[in-house]
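Just so you know, all these numbers are worked out from the coordinates, no wet-lab data involved. Everything quoted here is computed from the prediction, not taken from an experiment. All Cβ positions, glycine included, derive from the backbone under ideal geometry; neighbour counts span all protein chains shown.
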Amino acid sequence: MPVADFDVVLGLEVHAQLLTRSKIFCGCPTTFGAAPNAHTCPVCLALPGALPWLNREVVELAVRTGLALGCEIQPVSVFARKNYFYPDLPKGYQISQYERPICLGGAVEFTVGGEERRVRLTRIHMEEDAGKNLHDVAPDGSSGVDLNRAGVPLLEIVSEPELRSVDEAVEYLKALRAVLVALEVNDGNLEEGSFRCDANVSVKPRGRERLGQRCEIKNMNSFRFLRQAVEFEVRRQVEVIESGGKVEQETRLFDPDRGETRAMRSKEEAHDYRYFPEPDLPPVRVEPGLIAAARGALPELPRARARRYRERLGLPAADAALIGSDPEVARFFDAAVAAGGQGAEAARRIANWLNGDVARLANESGLPPRAWKLTPGALAELVGLIEAGTVGGPGAKQALEECFRTGASPAAVVREKGLSQVSDASAVEAVVERVLAASPAEVERYRAGNAKLLGFFVGQVMKEMKGKGNPALVNAAVKKKLGGP
Amino acid sequence: MLSIEEVRRIASLARLTLSPEEERLYAGQLSAILDYVKQLEELDVSGVEPMTHALAAGEAPALRADQVREGLGAERALAAAPAREGTAFLVPRIIE
Ligand SMILES: [Zn+2]
């Protein structure tokens, strides 16, 4: 049976680092990139006698996330110890939540191949991150341990095994990430590991009831790797079943260099984590007042924003989704539309420029919207100049680059650089006459019936005018001077 | 009474190597502890909310404000480390 005759069932566990200033149980900073172990204290080093003290902001961010995803916020939740030995885990246990997590239920909504999907969540819980192992730091092959990340707060967001393809998994992750970024609970950075994902993968022959054994895949720090890893794992499991074997439940590591998953040696032994309630932390109570305040402060979420752009401003779905998924870009867009105030047509033009040339300039410069010199008002002004016919496409593009670089006003740039479009009919006609006089042979052929040459004359005129001719006027003038075939 | 097998499994999870005498000794001691605690099962607690902590939720002190506090710094953190490389703790080679 080919892979296509198998159903794929995926569940995702996302670990999202919370945007707090300090760690979950101590006052050490959470900032990235310090020298190893610079951000440590007795609590996160697990020195004897040190006691954890829960960061209130972690609870608030968990509640905010739970509300945005439609979870039931639990009035009382309990931290538990997950016991295992690993060099990056100084206490010998991770403080996590087990039987009583802070959020139950909820769902992530996304669109895949034009279809609306809603995948349910099992739970969301709070936990601490482990430290980081540094491989091959010493000549003899010894490893290093950096505990700066130990105790950084995480939310673990667990989906039901309801994803049916790798496309769904990718769209689910993108939608979830966009929500977390919009909520300002997570920075959405896969490469730096602040948004991580493990996938539970299993397959079954199409139509069968019973699922195969599932494998957990770790270490996929980009959407591309997630795709590669899951596709590899599905093929591998199908091959095992096809050859009469049984898929073993195990933890597998994705190796990006080889595009393969392999069983993790450190997880060979089936784990018995011996969870028990954390005696050093009392149960967490979430007061109704905290929930009400968090609910009141929820921002507009990406899908709601995209819907508003489609329905109120008439943006095409792809443009609306692109702008809606990034809160900073969305704020810029909203401000530009407000500054423009010329209605849906202007909004569409602003969206086009934003997703097109502005996005390109932003990529090239590596600047996020908050660091742009281009202001929303300036983009609106530029679109206004285009709509008024003051500047054409090429001139506008040139002006935008200047404005993006310097923060100047588009009107001033157009004026100073002489980018304004020639909309004076007599000036255009003078150029047309010169072009026609210079190409008598082409004029003959056009008049003999070769209508395609119209484009040639228009092109010549625009070239002569350095792209500043008003295209509609140029077209009309060329036709008029040639006389119709 | 805890079986020798159970004691071995617990020891292996705790990364302890026990001699046969120790296995027998701890089987007895651990069983005695469990039996002692088991006396609690005689109480009728059907009307009592299960507790996970000596303090009920809400009786505990307020949560911590999200403020950064000075830690130890890498040098003091590493002061008692048996081995180091730069400011990283050095441990036997880790294979994932
Ligand atoms: Zn600390």
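Values as computed for the structure displayed
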{"quantity": "Between segment A:109-176 and segment A:291-310, the Cα center-to-center distance that results, in Å", "calculated": "24"}
{"quantity": "Exposure proxy order (Cβ contacts within 10 Å, fewest to most) of A:Ile73, A:Ile124, B:Ile4", "calculated": "B:Ile4, A:Ile73, A:Ile124"}
{"quantity": "Karplus-derived HN-Hα couplings along segment A:160-169 (A = 6.51, B = -1.76, C = 1.60, θ = phi - 60°), whole Hz, x at Gly and Pro", "calculated": "5, x, 10, 7, 10, 7, 5, 4, 5, 4"}
{"quantity": "Rounded, prolate or oblate (a/c below 1.5 giving rounded, otherwise prolate when a/b exceeds b/c) for the protein assembly as shown by Cα gyration tensor", "calculated": "prolate"}
{"quantity": "Spatial separation of Cα centroids for segment B:2-23 and segment B:51-93, in angstrom", "calculated": "31"}
{"quantity": "Segment A:1-155, relative contact order in percent, only Cα pairs under 8 angstrom and at least six apart counted", "calculated": "25"}
{"quantity": "Computed E for B:Glu49/A:Gln213 - FRET, C-beta separation, R0 35 angstrom, nearest 0.05", "calculated": "0.35"}
{"quantity": "³J(HN,Hα), Karplus 6.51/-1.76/1.60, whole Hz, each residue of segment A:2-12, x for Gly, Pro", "calculated": "x, 3, 5, 8, 10, 8, 9, 10, 10, x, 10"}
{"quantity": "Helix axis angle, A:302-313 relative to chain A longest principal axis, alpha carbon, degrees", "calculated": "20"}
{"quantity": "Relative contact order %, segment A:235-369, counting alpha carbon pairs below 8 Å whose residues are six or more apart", "calculated": "13"}
{"quantity": "Test item: Cα-centred dipole of segment A:376-466, Lys/Arg +1 and Asp/Glu -1 on Cβ, debye", "calculated": "260"}
{"quantity": "Relative contact order (%) - criterion: Cα under 8 Å, at least six apart; region: chain A", "calculated": "13"}
{"quantity": "Chain A - Cys residues lacking any other Cys C-beta under 4.7 Å", "calculated": "A:Cys26, A:Cys28, A:Cys41, A:Cys44, A:Cys197, A:Cys215, A:Cys403"}
{"quantity": "Between 0 and 90°, nearest 10: helix A:223-242 axis offset from chain A longest Cα axis", "calculated": "60"}
{"quantity": "Contour excess over end-to-end distance, with Cα ends at A:Arg434 and A:Glu311 and 0.36 nm allotted per residue", "calculated": "39.4 nm"}
{"quantity": "Net charge of Cβ neighbours under 14 Å - reference A:Arg349; Lys, Arg +1; Asp, Glu -1", "calculated": "-3"}
{"quantity": "B:Phe89 long-range amide H proximity, modeled H, under 5 Å", "calculated": "A:Val145"}
{"quantity": "Crossing angle, helix A:393-406 versus chain A [Cα axis fit, 0-90 degrees, rounded to tens]", "calculated": "50"}
{"quantity": "Rounded FRET efficiency, nearest 0.05, which uses the C-beta distance separating A:Thr111 from A:Thr31 and R0 of 41 Å", "calculated": "0.70"}
{"quantity": "Selection from A:Tyr275, A:Leu163, A:Gly377 lying farthest towards where the dipole of chain A points positive, charges on Cβ", "calculated": "A:Gly377"}
{"quantity": "Amide hydrogen neighbours beyond the local backbone of A:Leu121, cut-off 5 Å, H modeled", "calculated": "A:Gly106, A:Ala107, A:Val108, A:Glu160"}
{"quantity": "Under 5 Å, built H, 5+ apart or other chain: amide partners of A:Leu54", "calculated": "B:Arg64"}
{"quantity": "Backbone HN-Hα couplings from phi across segment A:284-295 [Karplus 6.51/-1.76/1.60, Hz, Gly and Pro as x]", "calculated": "8, 9, 9, 6, x, x, 5, 5, 4, 5, 5, 5"}
{"quantity": "Net dipole in debye of segment A:193-239 [+1 Lys, Arg Cβ; -1 Asp, Glu Cβ; about Cα centre; nearest 20]", "calculated": "120"}
{"quantity": "In nm, spacing of pseudo-spin labels at A:Glu250 and A:Ala359 (7 Å Cα→C-beta vector)", "calculated": "4.2"}
{"quantity": "Per-residue Cβ neighbour rank within 10 angstrom, fewest leading, A:Leu69, A:Leu482, A:Leu379", "calculated": "A:Leu482, A:Leu69, A:Leu379"}
{"quantity": "MRE, 222 nm, helices only [DSSP H, n ≥ 4, -39500 (n - 2.57), over chain A, to nearest 500]", "calculated": "-12000 deg cm²/dmol"}
{"quantity": "Label-point separation, B:Glu5 to B:Thr17 (7 Å along Cα→Cβ), nm", "calculated": "2.5"}
{"quantity": "Residue order, fewest to most surrounding Cβ atoms within 10 angstrom, among A:Cys41, A:Cys28", "calculated": "A:Cys41, A:Cys28"}
